[in-house]
Amino acid sequence: MATASATAATAAGEGAAPGAALAEQPRPPRRPSAESSRTPSLPPGPRAHPIVQTLAWAFAPTWLMDACARRVGDSFTITFWPSRFQLALLSDPDAVKATFTAPPEIAPSGAGNSPIASVMGPHSVITLTGPEHMRQRKLLLPPFHGERMRDYEDVIVQETRRDMASWPIGTPMRLHERTRKITLEVILRAIFGVEAGRMEDLRAAIWKLLEPANVVTMLRAALGPPSLERPGGKFGRALDHLDAVIYAELERRRAQADLAERKDILSLLLQARDEDGEEMTDEELRDELVSLLLAGHETTATSVAWAIERLVRHPDKLRRLQAEIDALSSAEANGLGQGTGEEYLTAVVQETLRVRPVVPIVVRVLQEDFEIGARVLPAGTRVTPSIFLVNRNERVYEDAKAFRPERYLEGAPETFSWIPFGGGIRRCIGAAFAQLEMRLMLRTMLSELEPSVPPRSVRFRRGEWIRRRAITLVPADGARVVWKRRRATA
């Protein structure tokens with residue numbers, strides 16, 4: 001499941017220098033032929049010292065990626081200090097397609113590639129590779145697709161309205177703080193059911209893990225070589241506490257007589273069996289639950305905050321969206337359909353995920369020399385499709401940096417030029433759920449309230465900067481807005 005622009009330029013200053021650009025139209029990847037005389041090599045990178053690159057990546061990742069793409073080319077290498085750990089970033093959709101469709105034994109992802117592997121655990125679908133990854137993926141998919149997702153719609157609307165009841169009217173508020181609370185409650189209820197009292201321990205354990213000091217620890221892990229070594233210190237103790245709460249819940253849930261009748265995700269996973277009739281172990285369930293809890297609420301919460309941040313700075317698009325929402329509500333009140341006619345709402349969600357992706361990159365590690373476009377990359381290369389750059393590729397999108405939901409009214413985004421959820425066999429299993437949650441949260445908010453940019457918000461008048469928070473990209477001022485109540489519509 002699955003992580004600067006103006007602020008980054010100010011924080012990092014100059015650093016990326018010109019370099020040789022790669023070919024603009026890479027060919028599909030392949031093993032280099034025996035007669036090939038090209039020596040495997042990494043793409044060029046900025047001339048700046050690795051210390052500068054590391055600082056820029058830590059505090060201004062989108063600025064660094066933009067600068068390197070502009071000055072070096074579609075592919076470039078970032079080097080970190082002091083480990084000399086390197087990432088070969090790609091921003092051309094053809095090269096990204098080649099990476100995502102490469103045989104999994106050639107370009108796998110998993111524990112060796114993920115900076116958060118030590119948190120998610122070795123059995124998470126995020127960190128596994130090969131047959132083990134496919135087994136876990138098949139076990140996890142059913143709750144997040146088809147009619148199963150309909151069971152969560154009321155939960156999403158209820159939790160959104162519950163939190164909205166305490167929002168200030170006419171006073172600036174940071175929306176991101178509230179969307180994080182909403183999506184955590186949604187994922188807790190979706191995974192564990194409606195037993196609010198028993199969820200309190202889980203809620204407290206998760207917030208403890210996500211305290212600012214622990215987020216800094218996760219950021220440090222993201223800047224170093226991937227490792228499965230369990231973290232220590234305060235962060236490790238918070239993770240230990242979360243594990244203890246989860247294992248206690250697993251023991252309690254396995255003993256329940258009504259397990260087969262329950263519809264929550266945990267109950268479904270406890271009943272799931274693989275092709276050999278084997279169930280998941282407690283360790284496997286722990287890793288999947290931690291992955292769902294952490295990835296399943298932070299990312300969606302941030303995307304909803306970004307959507308409102310973009311809409312308040314484009315009032316014409318906000319008005320168009322609210323008009324569609326009003327028409328939907330009127331049609332449903334008159335029995336003319338449920339959940340249909342959401343074309344512009346869907347386009348707003350898709351465009352938000354394009355211009356403000358929450359996670360900036362995905363990683364694959366080459367197991368042997370491999371050819372992508374005009375370059376043979378050596379075995380061991382961490383090939384890194386840049387979600388941020390691919391989604392803003394000027395050769396694919398007209399006025400690529402502009403927020404224009406209308407671009408998606410003619411059809412769905414292209415597979416390899418719109419990759420907020422990654423791609424290939426490792427595409428985020430919660431992608432459909434995340435988009436459903438975004439649509440329902442936005443529709444619920446905007447049917448009752450109207451947001452605007454806070455007065456005297458000169459610094460962020462044109463938009464909030466992109467700021468890194470651990471492995472995600474969030475609004476620098478927390479998506480600060482002012483709400484007013486809307487007049488009732490017919």
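Compute the distance in nm between two label points, each set 7 Å from the Cα along the Cα-to-Cβ direction, one at residue 39 and one at residue 259.
6.0 nm
Name the shape class, rounded, prolate or oblate, that the alpha-carbon gyration tensor gives for the stretch 212-356, where a ≥ b ≥ c are the square roots of its eigenvalues, rounded holds for a/c under 1.5, and otherwise prolate holds if a/b is larger than b/c and oblate otherwise. Before the final figure, lay out each step's value.
On the way: a/c = 2.96, a/b = 1.43, b/c = 2.07.
Oblate, because a/c is 1.5 or more while a/b does not exceed b/c.
Put +1 on the Cβ of every Lys and Arg and -1 on every Asp and Glu Cβ in the stretch 5-479; which of 479, 379, 82 then has its Cα farthest towards the positive end of the dipole?
Farthest towards the positive pole: 82.
Let me know the charge dipole size of the stretch 5-479 about its Cα centre in debye, to the nearest 20, where only the beta-carbon of Lys, Arg (+1) and Asp, Glu (-1) is charged. Walk me through the numbers on the way to the answer.
Numbers: 61 positive and 62 negative charges, 358 e Å.
The calculation lands at about 1720 debye.
At a 10 Å Cβ-Cβ cut-off, how would you order 109, 452, fewest neighbours first?
With the sparsest Cβ surroundings first, the list reads 452, 109.
Mind giving me the FRET efficiency for residue 138 and residue 316? R0 is 51 Å, r the Cβ-Cβ distance, nearest 0.05 is fine. All intermediate terms of the calculation are to be shown ahead of the outcome.
Values: r = 45 Å, r/R0 = 0.87.
Efficiency, rounded to the nearest 0.05: 0.70.
Fewest first, what order do 370, 421 take by the number of other Cβ atoms within 10 Å? Walk me through the numbers before you get to the answer.
Values: 370 25, 421 22.
Final ranking by Cβ density, sparse to dense: 421, 370.
Need the full-extension length gain, residue 275 to residue 201, defined as separation in residues times 0.36 nm minus the C-alpha distance. One decimal, nm.
Numbers: separation 74, 0.36 × 74 = 26.64 nm, distance 3.44 nm.
Taking 0.36 nm per residue and subtracting the Cα distance, the gain is 23.2 nm.
What are the lysines whose alpha-carbon lies under 24 Å from the alpha-carbon of residue 208, with same-chain residues fewer than 8 places away excluded?
List returned: 181, 234.
Can you show me the helix-derived [θ] at 222 nm for the chain, built from DSSP H runs with n ≥ 4 at -39,500 (n - 2.57) apiece and divided by the number of residues, rounded to the nearest 500.
-14500 deg cm²/dmol
May I ask you to compute the full-extension gain from residue 51 to residue 484, defined as 0.36 nm times their residue separation minus their alpha-carbon distance, rounded to one decimal in nm?
Details: separation 433, 0.36 × 433 = 155.88 nm, distance 4.66 nm.
Full extension of this stretch gives 151.2 nm more.
Could you list log10 I(q)/I(0) for the chain at q = 0.07, 0.10 Å⁻¹, which the Debye formula gives when each Cα is one point scatterer?
-0.37, -0.78
How many angstrom separate the Cα center of the stretch 46-105 from the Cα center of the stretch 282-349?
Between the Cα centre of the stretch 46-105 and that of the stretch 282-349, the gap is 31 Å.
Any read-out appearing in this document is the output of simple, stated calculations on the displayed coordinates, not a laboratory observation. Worth saying up front: this structure is predicted, and the values here are computed from it rather than measured. Backbone-built Cβ (ideal geometry, glycine too); neighbour counts: all protein chains shown.
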